[in-house]
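The values are calculated or read from the model by the stated rules, or taken from the named source; none is laboratory data. If you're wondering where the values come from, they're calculated on a predicted model, not measured in any experiment. Every residue, glycine as well, gets a Cβ built from its backbone with ideal geometry; the counts of neighbours run over all protein chains shown.
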């Protein structure tokens, strides 16, 4: 009986995983991220604004301000082109003065790896960074950064509140 229970459990996990891997995610499925979000952390005061899905993309601006001065900002798009089986988050960082961190033709790319209701997980192909967005309530969006650094893993969580209350 124990063998049968274990076998059935493994089959259920395999079927669930297979269906998630082969699911066709679409940009419109990420509409839950839309909004004007704000939080404060050790990094500073942060604003993240996501546009609603339109065409094949969503856009986001992000800024981090500490002691009244900009620390850095980001421009993010999520695009799904005809050749993409899933939406891909494309991220660029900037120092004050609009000085880019990444090469002009090499943004960080994070394909959508999992979408479960109002939770989306984007992961770089090199597995060094994962970005998660989850809508916790009408006025709350959680973002989690998981970064691999050598043999260590660093997790940073941000709880954003809607500024449109």
Q) Among the candidates 161, 143, 85, 137, which residue alone is surrounded by fewer than 17 Cβ atoms within 10 Å (Cβ to Cβ) and closer than 19 Å to residue 62 by Cβ? A) 161
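Regarding the range 29-36, can at least one residue be identified that is closer than 28 Å to residue 136 by Cβ, assigned to a strand (DSSP E or B), at pLDDT 90 or above and touching a strand residue (DSSP E or B) at 6+ places or on another chain (Cβ under 9 Å)? If you could, list the steps in order and put the result at the bottom.
Quick first cut of the range 29-36, residues closer than 28 Å to residue 136 by Cβ only: 29-36.
Still in the list and also assigned to a strand (DSSP E or B): 35-36.
Now drop any that are not at pLDDT 90 or above, which leaves 35-36.
Next, from what is left, pick out any that are touching a strand residue (DSSP E or B) at 6+ places or on another chain (Cβ under 9 Å): 35-36.
Yes; the residues of the range 29-36 include at least one that is closer than 28 Å to residue 136 by Cβ, assigned to a strand (DSSP E or B), at pLDDT 90 or above and touching a strand residue (DSSP E or B) at 6+ places or on another chain (Cβ under 9 Å).
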Q: Only residues in the range 137-165 that are at negative phi count as the first member; pair them with residues that are surrounded by 12 or more Cβ atoms within 10 Å (Cβ to Cβ) and not in a strand (DSSP E or B), Cβ under 7 angstrom, at least 6 apart or cross-chain, and list the lot.
A: 141/33; 147/128; 148/128; 161/139; 162/139; 165/139
Q) Looking at (1) farther than 25 Å from residue 164 by Cβ; (2) outside any strand (DSSP E or B), can you tell me which one residue 52 breaks? A) (1)
